[in-house]
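First up is the structure itself, then whatever we jot down about it.
Values quoted throughout were computed directly from the atomic coordinates according to the rules given, and no laboratory measurement underlies them. What you are looking at is a predicted structure, and each value in this text was computed from that prediction instead of being measured. No Cβ is skipped: glycine too gets one built from the backbone with ideal geometry, and neighbour counts run over all protein chains shown.
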Amino acid sequence: MLEKVCVYCGSSMGASPVYTEAMRSLGKAIASNGLTLVYGGSHAGQMGIIADEVLDNGGKVIGIMTEHLDAKGLSHMGITELHIVKDMQARKAGMLEVADAFIAAPGGIGTLEEYFETLSSFQLGFHHKPIGLYNVNGFYDRLMDTFRYFEAQDFMRNTKTDSLICEGDPVKLIRLLQENAR
């Protein structure tokens, strides 16, 4: 059963206002489905946008923040729960433990690193929680092409590209995650 969804996203705003609007739409979809947002705990950039949107729409938000980033004043102090952990490894482990599903929204290296670690853990059988890509304006099309290439070269065996959830509509993305939750 899907109750808590983790969103990996950037602490920057991105190059286009389309990303901000997309994060607001995803936040609304999370809250309207009665789900709790789990995320990196920051008030900055897209992280702050989605947290505020979930809260503004009556949802709950759990943030998991590192001591180092908290000391820099990056923690969102208005969320439902804020957990301060030692380092990035503890942050990722905490998100993996707490969440029932995962979404990688448009973002940078940190977002991709979190997504790949979660996907790798899934592929190795350490968890069976659904993972999605929020494909805003085709942001992840090239990554999906790369996955198809990996598969063609026989380097992706356990996770077929057809089974990867990649969706640009936030309502459909949440529905797909719910359908794939165990």
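Assorted remarks:
- Evaluated over segment 4-180, the count of Lys pairs having alpha-carbon atoms less than 17 Å apart is 10 (only pairs 8 or more residues apart or interchain).
- As an equivalent ellipsoid, the chain spans semi-axes of 25, 18, 16 angstrom, where each value is the square root of five times an eigenvalue of the C-alpha gyration tensor, largest first.
- Other residues lying with their Cβ under 13 Å from the Cβ of Met65 contribute a combined charge of 0, Lys and Arg counting +1, Asp and Glu -1.
- Near Gly27, once Lys and Arg are set to +1 and Asp and Glu to -1 for all other residues with Cβ below 9 Å from its Cβ, the sum equals -1.
- Amide H contacts for Ile64 (H built 1.01 Å from N in the peptide plane; partners 5 or more residues away or on another chain; cut-off under 5 Å): Tyr39, Gly40, Gly41, His83.
- Net charge in the neighbourhood of Gln89 (other residues with Cβ under 12 Å of its Cβ; Lys, Arg +1, Asp, Glu -1) is -1.
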